Amino acid sequence: MPGPTSHSYFSQRLRLHYVDWGNHGAPPLLLVHGGRDHCRNWDWVANALRRDWHVIAPDLRGHGDSEWASDGNYPMAAYVYDLAQLIHQQHLAPVTIVAHSLGGNIALRCAGLYPENVRKLVAIEGLGPSPRMLAKRQELPFDQRMRDWIEERRALAGRLPRRYPTIEDAFKRMQDENKHLSPAQARHLTEHGANQNEDGTYSWKFDPHVRAQPPETNSQAEIEQLWVKITCPTLLIYGRESWASNPEEDGRIAKFKTARVVSFEGAGHWVHHDRTEAFLAEIKGFL
């Protein structure tokens, strides 16, 4: 079967990219990637689901083939708006969403804001920092956190995107990032996640400024209020070898009315890469 087709939509004057895997008569399914990633990281999942679903995978602003924010700011509210606009403009509601990490955080907020628009939701490690990490962060006064953010932004302003002499060097960096990836997976992610520069070197597509998230404008209590408002069946997926905190163990599952947690042995943060077949079997049954 042919691969996906590329399309664009506009949100806050940015041209944002997404790929469409066809099958327009089927129910819509959004696949939303995480930070410093890109829409083609879902290709294995999309290929497995495209016969039963109309699969669409967007590139978040500042990622993949979407435009970068001119001011280098990437607040969570902007990401949420972009996803809400894609659903609105393409008439996808009620839509099913499978999302990873940052994408999961965005999707969970959208599902709380517009519960009528989301049919089912799978979030892979999308709840953000654990309660322990949040408590440690809050030990710093707000002015200190703001100063730290300003210093980080200032450092990024003087930093050029890293250049790799060859695609093989970028491929090796991708392998180093996640030891669970097979060579074929790492090469695919590298080829779709990097651009060749004019001098022949390669750089990752994402805007380096996406690394500097501004201090959270919403309190954790406000974010949890959105989780409570989610009405669709929700699956929260975690890898046993990940740095992320399991919500069944840290208590955050209590904030959800319709969610359950599934954890995978032999998987880190990228469960859909590390245990692809087991992940697909789980979500096919859920969806």
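The values are calculated or read from the model by the stated rules, or taken from the named source; none is laboratory data. Here the structure is a predicted model, which means the values were calculated and not measured. FYI the Cβ positions are ideal-geometry reconstructions off the backbone, even for glycines, and counts take in every protein chain you see.
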Does the range 204-212 contain any residue that is in contact with an Asp or Glu (Cβ under 9 Å, 6 or more places away or on another chain) and either without any contact (Cβ under 8 Å) to a residue 60 or more places away in the chain or more than 28 Å from Glu151 (Cβ to Cβ) (or both)?
-> no
Exactly one condition in (1) more than 18 Å from His38 (Cα to Cα); (2) part of a helix (DSSP H, G or I) is not met by Thr231; state its number.
-> (2)
If we scan the range 1-8, do we find a residue that is among the aliphatic types (A, V, I, L, M), surrounded by 17 or more Cβ atoms within 10 Å (Cβ to Cβ) and out of contact with any helix residue (DSSP H, G or I) (no Cβ under 7 Å at 6 or more places or on another chain)?
-> no
Of the residues in the range 218-257, those that are of a type in the set (Ser, Thr, Tyr) and over 19 Å from Lys284 (Cβ atoms) come to Ser219, Thr231, Ser242, Ser245
How about the range 1-40: which strands (runs of 3 or more DSSP E) wholly inside it have at least 2 residues that are of a type in the set (Ser, Thr, Tyr)?
-> 5-11
For the range 49-66, indicate whether the set of residues that are surrounded by fewer than 24 Cβ atoms within 10 Å (Cβ to Cβ), farther than 21 Å from Leu280 by Cβ, over 14 Å from the mean Cα position of the chain (by Cα) and touching a residue at least 24 places away in the same chain (Cβ under 8 Å) is non-empty.
-> yes
Hits in the range 90-146 (condition: over 16 Å from Gln220 (Cα atoms), of a type in the set (S, T, N, Q) and in a loop (DSSP other than H, G, I, E, B)) | Gln90, Ser101
Pull up the range 142-180, narrow it to residues that are among the hydrophobic types (A, V, I, L, M, F, W, C) and either modelled with pLDDT under 95 or touching a Cys at 6+ places or on another chain (Cβ under 6 Å) (or both), then point me to the one that is farthest from Pro214 (Cα to Cα).
-> Leu160
Residue among Lys255, Lys229 that alone is under 17 Å from Met133 (Cβ atoms) and modelled with pLDDT of 95 or more | Lys255
Sort out which residues of the range 22-48 are without any contact (Cβ under 8 Å) to a residue 60 or more places away in the chain and farther than 17 Å from Gly103 by Cβ, and write them in order of number.
-> Gly22, Asn23, His24, Gly25, Ala26, Asn47
Go over the candidates His188, His180 one by one and state the one that is touching a residue at least 40 places away in the same chain (Cβ under 8 Å), surrounded by 12 or more Cβ atoms within 10 Å (Cβ to Cβ) and not in a loop (DSSP other than H, G, I, E, B).
-> His188
Does the range 233-254 hold any residues that are surrounded by fewer than 19 Cβ atoms within 10 Å (Cβ to Cβ) and within 17 Å of Gly112 (Cα to Cα), and which are they?
-> Pro233, Ile253, Ala254
